[in-house]
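Written below as structure tokens is the structure these notes are about.
The values are calculated or read from the model by the stated rules, or taken from the named source; none is laboratory data. Since the structure is predicted, the reported quantities are computational estimates derived from the model, not experimental observations. A quick note on method: Cβ atoms are made from the backbone with ideal geometry, for glycine too, and the neighbour counts reach across all protein chains shown.
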Amino acid sequence: MKRRIGGGLLATVLLSAALYGQAQPQPATAKVDLIGINLSAAGFAGQVLPGVEGTNYFYPTEDYFRRYAAKGIRFIRFPFLWERVQPQLGGELDQAQVALLQRTLDFADKYGIRVILDLHNYARYRGQLIGSPQVSYASYADVWKRLALTFQKHPALYGYDVMNEPHDTQGLWPRAAQTAVDSIRTVDMKTPIFIAGDSWSSAQRWPQVNGDLLIKDPADNLIYEAHIYFDEDSSGNYASGMKGVHPMIGVERTRPFIEWLKKHNLRGFIGEYGIPAHPQWLEAMDNLLSYLGEQCVPSAYWAAGPGWGDYPLAIEPKNGAEKPQMALLEKHLNKHDCEVIGPR
């Protein structure tokens, strides 16, 4: 999403060996979990650095994991900020932030949820582009090597989402993405890596903007990530109300990304999508989830977690009542039998 307050794919444990590229037989009942959420609040207030946890940004308590696990959610995408976890480029990781990330993974593990760690920085550090004189590719490689060394053995780790929504990168993003993959693979050859695209990771514009984003991975374990919002300008702000809404808008905006994946025989993930709780938007979301399910492409709804207040896309209960968006997610849980991540 282009402007907002703050800013998983989980296969079952039985499927994880297949996703890691190991040649092991899989039980016929192994399934990919297709429905996840963004548990988003640790990435809030990028304009307030470092900020105060619990005031400017929020890490989730155990109750969030308990509640979403009870509903059947088995993976989350978890945004956090580079500037907080590494206050100086090339420097040591901030141990208070590492402890908060560790606690998050521990909570997830307790409730059978796996976590995609999402560096939620739009291809920037303190506003400067990766690959610019201010933020070298080596600095970007450094933070991901440190993160991988720190978290690679945690049982709740699903994958590394190396950057949220790169945009206006002046052609610098493909090299940056390759640099992150190369750096991670010097220390971790098992964990999946999620590769977002330029232009806010737009699924609709993917072939035009990211057609040549073909990253090499010695572990052959990449998952490409696009985002999709249904409003007029695809920003996720929904400032134009219902303008342009129709039942298949989500499917139509996602299809270019899916077709690109098929063309190149690659795996995909919709890392963000979200809607206000209006019947017409809900119909479009229902159709999108049906389409993604048929394609075996997982997705993570934006957004859940603490600190959202009256944000119309949030799925946190209000006055004890569940949001319609959450009910729709539950409808699509376990609806499709997918043994590998698609598309197919």
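The number of residues in the stretch 74-94 being touching an Asp or Glu at 6+ places or on another chain (Cβ under 8 Å), of a type in the set (A, V, I, L, M) and either surrounded by fewer than 19 Cβ atoms within 10 Å (Cβ to Cβ) or more than 20 Å from residue 123 (Cα to Cα) (or both) comes to 1. Among the residues making up the stretch 106-160, those that are under 30 Å from residue 62 (Cβ atoms), outside any helix (DSSP H, G or I) and small (Gly, Ala, Ser) are 112, 156, 159. Going by the structure shown, is residue 69 within 22 Å of the chain's Cα centre (by Cα), part of a helix (DSSP H, G or I) and farther than 20 Å from residue 300 by Cα? It is false that residue 69 is within 22 Å of the chain's Cα centre (by Cα), part of a helix (DSSP H, G or I) and farther than 20 Å from residue 300 by Cα. Evaluating residue 318 against the criteria (1) under 19 Å from residue 236 (Cβ atoms); (2) out of contact with any Gly (no Cβ under 6 Å at 6 or more places or on another chain) leaves one unmet condition, (1). When 177, 108, 138 are checked against the criterion of being among the small types (Gly, Ala, Ser) and closer than 19 Å to residue 217 by Cβ, 177 stands alone in meeting it.
Does residue 125 qualify as being among the hydroxyl-bearing types (Ser, Thr, Tyr), within 19 Å of residue 49 (Cα to Cα) and in contact with a helix residue (DSSP H, G or I) (Cβ under 6 Å, 6 or more places away or on another chain)? Considered against the rule, which asks whether it is among the hydroxyl-bearing types (Ser, Thr, Tyr), within 19 Å of residue 49 (Cα to Cα) and in contact with a helix residue (DSSP H, G or I) (Cβ under 6 Å, 6 or more places away or on another chain), residue 125 comes out as yes.
Could you tell me which of the residues 232, 294, 252 is closer than 18 Å to residue 32 by Cα, more than 18 Å from the chain's Cα centre (by Cα) and not aliphatic (A, V, I, L, M)?
Residue meeting the stated conditions: 294.
With respect to residue 293, determine if the residue is surrounded by 16 or more Cβ atoms within 10 Å (Cβ to Cβ) and modelled with pLDDT of 95 or more. Criteria met by residue 293. Evaluate the stretch 305-312: report whether one residue or more is buried (at least 17 other Cβ atoms within 10 Å of the Cβ), within 16 Å of residue 228 (Cα to Cα) and not acidic (Asp, Glu). Within the stretch 305-312 (the criterion being buried (at least 17 other Cβ atoms within 10 Å of the Cβ), within 16 Å of residue 228 (Cα to Cα) and not acidic (Asp, Glu)), the answer is no, since none of the residues qualifies. Has the stretch 158-176 got at least one residue that is surrounded by fewer than 18 Cβ atoms within 10 Å (Cβ to Cβ) and over 21 Å from residue 227 (Cβ atoms)? Yes, there is a match, as at least one residue in the stretch 158-176 is surrounded by fewer than 18 Cβ atoms within 10 Å (Cβ to Cβ) and over 21 Å from residue 227 (Cβ atoms).
Taking the condition buried (at least 18 other Cβ atoms within 10 Å of the Cβ) and farther than 30 Å from residue 103 by Cα, does residue 202 pass? For residue 202, the condition - buried (at least 18 other Cβ atoms within 10 Å of the Cβ) and farther than 30 Å from residue 103 by Cα - is met. Looking only at residues in the stretch 205-246 that are small (Gly, Ala, Ser) and at pLDDT 95 or above, the one that is nearest to residue 278 (Cα to Cα) is 226. Can you find a residue that is assigned to a loop (DSSP other than H, G, I, E, B) and crowded, with 21+ Cβ neighbours inside 10 Å anywhere in the stretch 239-260? No, the stretch 239-260 contains no residue that is assigned to a loop (DSSP other than H, G, I, E, B) and crowded, with 21+ Cβ neighbours inside 10 Å. Of all residues in the stretch 88-108, none are touching a His at 6+ places or on another chain (Cβ under 8 Å), at pLDDT 95 or above and closer than 25 Å to residue 198 by Cα. When the stretch 270-283 is filtered for residues that are surrounded by 23 or more Cβ atoms within 10 Å (Cβ to Cβ) and part of a helix (DSSP H, G or I), only 281 remains. Scanning the stretch 35-56 for residues that are of a type in the set (Ser, Thr, Tyr) and surrounded by fewer than 24 Cβ atoms within 10 Å (Cβ to Cβ) returns a single hit, 55.
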